[in-house]
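Where a number appears in this text, it was derived from the coordinates with a stated rule and is not lab data. Everything numeric here is computed off the predicted structure, so don't read it as measured data. In this analysis, Cβ positions are derived from the backbone assuming ideal geometry, glycine residues included, and neighbour counts consider all displayed protein chains.
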Amino acid sequence: MFDTMTLTKIAGSLCGALLILLLGKWAAEELYHSGGHGEQSYVIATGAEEETEIVAEVSFSDVLATADIGAGAKVFRKCSACHKVEDGANGTGPHLYGVVDRDIASADGYGSYSGTLTGLEGAWTAENLNSFLESPKGWAPGTSMSFNGLPKIQDRANLVAYLDSLDD
């Protein structure tokens, strides 16, 4: 098909093209080197670094006082895959009917609590629910709840207000 002379010419052409490519790359890197040029000789102070916004810490009880129950019902959709709000209707997780001010790990008919939650004393106060909903694994390390949490304090307040409204 090809004789030796033709194969030699093809191989030489490929090697020559590769050499030109590599030399062109090297020349471009030398011409357009974007590495550092050393330290700045002077810095113009614009004050931008000093403009840190100070966020006032708002207590959860203040946010809870202005919570929206309807918005809490929407936030609850994230929980509804595992939890039910009907009294005694346990799902993958315990029912949340009357959970506000109920003892921790004490839902009737639910026996699959993690050892972490059964070892806790106290009740699901609004503040405890807020801390737990912010980071379940942070508040109760070792919990079997796989939910990552609600980062927004308003969402947590709305959800707690919704859960509290269920048993009125």
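Observations
- Reachable lysines from Lys84, criterion Cα separation under 20 angstrom, eight or more residues apart if same chain: Lys74
- Inter-label distance, Lys74 to Asp108: 3.4 nm, where each label sits 7 Å from its Cα along the C-beta direction.
- Stretchable slack from Asn148 to Ala11, in nm (0.36 nm times residue separation minus alpha-carbon distance): 43.4 nm
- Given the alternatives [x] 0.96; [y] 1.26; [z] 2.06, Cα Rg over 2.2 N^0.38 Å as computed for this entry is given by [z].
- Nearby lysines by direct alpha-carbon distance to Lys78 (threshold 24 angstrom, same-chain neighbours under 8 apart not counted): Lys137, Lys152
- Dipole orientation for region 68-165: of the candidates Gly149, Gly122, Trp139, Gly149 has the Cα lying most toward the positive pole (charges on Cβ; Lys, Arg +1; Asp, Glu -1).
- Charge dipole of the chain (Cα centre as origin; +1 on each Lys and Arg Cβ, -1 on each Asp and Glu Cβ, all else neutral): 1040 debye, rounded to the nearest 20.
- Approximating the spin labels as points 7 Å out from Cα along Cα→Cβ, the Lys25-to-Thr4 distance works out to 3.3 nm.
- Kyte-Doolittle mean at least 0.0 and Cα axial length at least 24 Å: DSSP H helices in the chain: 4-31
- Sites Tyr32 and Ser135, calculated FRET efficiency, Cβ-Cβ separation with R0 45 Å, nearest 0.05: 0.40
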